[in-house]
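Chemist: Have a look at this one.
The values are calculated or read from the model by the stated rules, or taken from the named source; none is laboratory data. If you're wondering where the values come from, they're calculated on a predicted model, not measured in any experiment. Backbone-built Cβ (ideal geometry, glycine too); neighbour counts: all protein chains shown.
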Amino acid sequence: MNFYPSEKDTLFYVTVREFSVASTDRNGVTTLVKSVDRSYCDQIFKLMASDDYMVVALPVVGGYSTKPKLFKKQHHIFTPVGPEVAKVLGLHDE
């Protein structure tokens, strides 16, 4: 089951979906290489807005930018942050 953040201020992790890239060498041999992008592996995001295609979120833990990020739903996996992690990081509402 896919999780897509829909409520404003929802905290979540982002993983880029695994994808394949075809590479052809000079002899015409094509190799399919699976690629994994771990760009957001140490970050937590807070939902600003979403629609059927895109998620807009602010990074609240990790990373180097405080600007909103755009995530295409079809290219990313979203996982909710658990309440204990949010509490330890001071991201919970009391």
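Chemist: When only residues in region 83-94 that are loosely packed, with under 11 Cβ neighbours inside 10 Å and at negative phi count, which is modelled with the lowest pLDDT?
Modeler: If we take residues in region 83-94 being loosely packed, with under 11 Cβ neighbours inside 10 Å and at negative phi, then E94 is modelled with the lowest pLDDT.
Chemist: Separate question: Tell me yes or no: at least one residue of region 31-46 is closer than 17 Å to L91 by Cβ and out of contact with any strand residue (DSSP E or B) (no Cβ under 7 Å at 6 or more places or on another chain).
Modeler: yes
Chemist: Oh, and also: Which numbered condition trips up L32, out of (1) in a loop (DSSP other than H, G, I, E, B); (2) more than 13 Å from the chain's Cα centre (by Cα); (3) exposed (fewer than 10 other Cβ atoms within 10 Å of the Cβ); (4) touching a residue at least 12 places away in the same chain (Cβ under 8 Å)?
Modeler: (1)
Chemist: Return a yes/no flag: does region 18-25 have any residue that is surrounded by 11 or more Cβ atoms within 10 Å (Cβ to Cβ), aliphatic (A, V, I, L, M) and in a strand (DSSP E or B).
Modeler: no
Chemist: Sticking with this one: Looking for something in a loop (DSSP other than H, G, I, E, B), more than 10 Å from the chain's Cα centre (by Cα), surrounded by 10 or more Cβ atoms within 10 Å (Cβ to Cβ) and small (G, A, S) - is there at least one such residue anywhere in region 1-17?
Modeler: The answer is yes, given that some residue of region 1-17 is in a loop (DSSP other than H, G, I, E, B), more than 10 Å from the chain's Cα centre (by Cα), surrounded by 10 or more Cβ atoms within 10 Å (Cβ to Cβ) and small (G, A, S).
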